[in-house]
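These notes concern the structure reproduced below.
The values are calculated or read from the model by the stated rules, or taken from the named source; none is laboratory data. These numbers come from a predicted model, not from an experiment. Please note: Cβ atoms are built from the backbone with ideal geometry, for glycine as well, and neighbour counts cover all protein chains shown. These accessible areas exclude ligands, DNA and RNA; they are computed on the full protein's heavy atoms, side chains included. Shrake-Rupley method; radii C 1.70, N 1.55, O 1.52, S 1.80 Å.
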Amino acid sequence: MDIFSKATGLNVVAVDLGGNAFLSSEDYSQVGFCQYIKRTLPGGCEKCRKTYYKACREAFRWNEPYFFTCHAGLVMWAVPIVMNQVHIGAMICGQVLLWEPDELFFEELEQFHTGLPRENLSRLEQEAKKLKVISVKQCQSSANLLSVIVKYMANACDSDLMEQKSLMEWRHVIQSRLEEQTSALAGETFDFSVYLKRERRFLQALRMADKEKSTRLIPSLFTDIEMLSNHNLDKIRQMLEDLVTLSSRALMEAGIETDPILSQVQEYRKGLKEYLHSEELFRYTYQLFGRLLDSAYLRVESPEHNSIIKNVQKYVEDHYSEKLTTARIAASVSLSPSYLSALFKEKMHLSIHDYLIRVRIEKSIELMANRDLSIKEIMVQCGIESQSYYNKVFKKFIGATPGRYRNRLL
């Protein structure tokens, strides 16, 4: 892209399927005409994105460079990016004219931007006179050359392109969530206690082997960390490292083998210092969570056994408040108690009894949010009859007694 830009003198930028830019040439800079429109025209940036989005779709439709006129009247073209038969986005090039701007161009310019004051239109006309003017042949040749470059990159599965796209996607996720959270919390206080509650829900989901909920909470945790750190990179690193440490402990408490987890976390810590942008740190941490969650929840090799384990988990979660025995649970999946106990222990690295206790403890934590219920009422609703036993197992799994946990942490 750098070579193409230097050789042709044209701007080039890669956009994703939504029209959002994620990679550009080293010397990329939008022409003054475009910069001025984006600064002065309401919704100028969004109009550019929508233009790129439509051009990207048309480029895929025809599978060749697609020429178009942007919302501001400039000539541009889009070259589709397809890697391993997957649509990635498009290279957008141009921001040129095919003839010197004349009266007709300026009349159309005024029609395009009817809401702009006269002085702004005058400035826009001045910027239009600085635009690059190229011939139709130069335009077509540049598009063909860019198409060759893109196809070469696609065939080589260029990792830099995919990495930049991934980073930009994370940037969009965090930015959009920051905007949503800022709007939702308008007039309210957002502090560390809010983050801690979300963190506890995440750790609870890990201990409960709820992969879907765990994955869903990660971007929200990252957004909280971005806000609490005030965008300070060192603080973000520290908070992410703390989150990973707590998560690894929760996974080990859930019965996952210790050595693989510790090995991945140690490798993660070594790589933290290499990243210089928050979106890189978030993506790096998300990749680690992906590996940890996969190792935690995809360790059952046999599809048949996988189905049995899932059915047992669902049965326990549906009937945890009742008097459950291993024999009753085994009967629900039509297996002998001894065989199911051995299978569950082998695949989950904890006994059925320990899993039942863990479910009851986690369910009791959920009920604690209801202050109308006493600790004893919560205990009974979760199928535990002995107060002393409840206190003992709760402290073993959570690290605090039920009363202390409720009063200080909820």
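Checked against the criterion of being open to solvent by less than 30 Å² (accessible area, probe 1.4 Å), at pLDDT 85 or above and among the acidic types (Asp, Glu), the candidates Glu362, Glu317 yield just one match: Glu362. For region 334-393, which positions are in contact (Cβ under 8 Å) with a residue 40 or more places away in the chain and among the hydroxyl-bearing types (Ser, Thr, Tyr)? Answer for region 334-393, where residues must be in contact (Cβ under 8 Å) with a residue 40 or more places away in the chain and among the hydroxyl-bearing types (Ser, Thr, Tyr): just Tyr355.
Taking into account only those residues within region 121-140 that are open to solvent by 40 Å² or more (accessible area, probe 1.4 Å) and assigned to a loop (DSSP other than H, G, I, E, B), which is nearest to Val31 (Cα to Cα)?
Here is the first cut: in region 121-140, the residues open to solvent by 40 Å² or more (accessible area, probe 1.4 Å) are 122-123, 125-126, 129-130, 132-133, 135-138, 140.
If we keep only those that are assigned to a loop (DSSP other than H, G, I, E, B) as well, we get 129-130, 135.
Numbers: Lys129: 11, Lys130: 9, Ser135: 18 Å.
Out of the qualifying residues, it is Lys130.
Apart from one condition, Phe222 fits all of (1) closer than 24 Å to Glu317 by Cβ; (2) open to solvent by less than 10 Å² (accessible area, probe 1.4 Å); (3) of a type outside the set (Ser, Thr, Tyr); (4) in contact (Cβ under 8 Å) with a residue 60 or more places away in the chain; the exception is (1). With respect to being open to solvent by 40 Å² or more (accessible area, probe 1.4 Å), under 28 Å from Val265 (Cβ atoms) and modelled with pLDDT of 85 or more, Asp354 fits the description. Put simply, of Met252, Met239, Met227 the only residue that is part of a helix (DSSP H, G or I), open to solvent by 10 Å² or more (accessible area, probe 1.4 Å), among the aliphatic types (A, V, I, L, M) and within 20 Å of Glu346 (Cα to Cα) is Met252. Scanning region 391-410 for residues that are open to solvent by less than 20 Å² (accessible area, probe 1.4 Å) and of a type in the set (Val, Ile, Thr) yields a single hit, Val393. Report yes if Ala90 is among the aliphatic types (A, V, I, L, M) and either within 24 Å of the chain's Cα centre (by Cα) or buried (at least 19 other Cβ atoms within 10 Å of the Cβ) (or both), otherwise no. For Ala90, the condition - among the aliphatic types (A, V, I, L, M) and either within 24 Å of the chain's Cα centre (by Cα) or buried (at least 19 other Cβ atoms within 10 Å of the Cβ) (or both) - is met.
Can you name the helices (runs of 4 or more DSSP H) wholly within region 1-71 that have at least 2 residues being open to solvent by 50 Å² or more (accessible area, probe 1.4 Å) and closer than 27 Å to Ser122 by Cβ? Even if it seems obvious, please write down each step before you answer.
Working: elements: 2-8, 32-40, 44-62.
Fully inside region 1-71 and qualifying: 32-40, 44-62.
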